[in-house]
Amino acid sequence: MADEPIYKLASGATSRFYFNMKPTAHSPEGLTLIGGLYLDKMDELGIRPDAIGGLTMGADPIAAAVAMTSFARKPPVEAFVIRKEPKKYGMTLQLEGHVKAGDSVVIVDDVVTTGGSTIKAINVAKECGVHILAVIVLLDRCEQNGMENVSAQGCPAYSILNIHDFM
């Protein structure tokens, strides 16, 4: 933590805190823990989606961790990825994975500040006709109304951790 807001965020704002979840979310131990935390959270909420995913790249390791862990715990949950833009070739898909219109999904993200990336994922998922049960983020920075902005999209939003867990 810095004394002054020195860390530039995706929103363009600066903060005293910076959370780089990528090293944890790409390590064997981190993936194992994240998969379990998400499944435990979904059990706590009483939801079990057909699939889980979000906007690349923050959501990718989370979705894969949950899918792999769910296979061991049963029932399995599929993973999917939402591209920032549709592919320009092939099937030109923006949502990739074993998910189809009508499926129930959970949208995930690693860190939420303004909610912009998560909201983009919600909008693409809605356009693809999936039913969003909830949004679950690994870390809510508790800045710039991120979770409130996500909830305003009509999706229940939850976090596993928030900035106060680190203070």
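The values are calculated or read from the model by the stated rules, or taken from the named source; none is laboratory data. Small disclaimer: the values here were computed from a predicted structure and weren't measured. Glycine gets a Cβ as well: all are built from the backbone with ideal geometry, and neighbour counts include every protein chain shown.
At a glance:
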| read-out | value |
| --- | --- |
| Considering residues of the range 124-153 that are polar (S, T, N, Q) and on the phi > 0 side of the Ramachandran plot only, the residue surrounded by the most Cβ atoms within 10 Å (Cβ to Cβ) | Q144 |
| Leading residue by the ranking (farthest from the chain's Cα centre (by Cα)) among those in the range 125-143 that are of a type in the set (V, I, T) and farther than 19 Å from P61 by Cα | V130 |
| Count of the range 25-76 residues which are more than 23 Å from A10 (Cβ to Cβ), in a helix (DSSP H, G or I) and touching a residue at least 12 places away in the same chain (Cβ under 8 Å) | 15 |
| Residues of the range 21-32 satisfying the condition of being out of contact with any Ser or Thr (no Cβ under 8 Å at 6 or more places or on another chain) and of a type outside the set (D, E) | M21, K22, P23, T24, A25, H26, S27, P28, L31 |
| Filter result (buried (at least 17 other Cβ atoms within 10 Å of the Cβ) and either at pLDDT below 90 or assigned to a loop (DSSP other than H, G, I, E, B) (or both)) within the range 95-123 | V99, D103, T113, T114, G115 |
| Of residues in the range 137-167 being of a type in the set (D, E, K, R) and over 21 Å from L39 (Cα atoms), the one modelled with the lowest pLDDT | E143 |
| Selection count where residues are surrounded by 12 or more Cβ atoms within 10 Å (Cβ to Cβ) and without any contact (Cβ under 8 Å) to a residue 12 or more places away in the chain, scope the range 1-17 | 3 |
| Residues that are in contact with a Leu (Cβ under 7 Å, 6 or more places away or on another chain) and among the polar types (S, T, N, Q), drawn from the range 54-79 | T69, S70 |
| Subset of the range 69-94 [small (G, A, S) and surrounded by 13 or more Cβ atoms within 10 Å (Cβ to Cβ)] | S70, A79 |
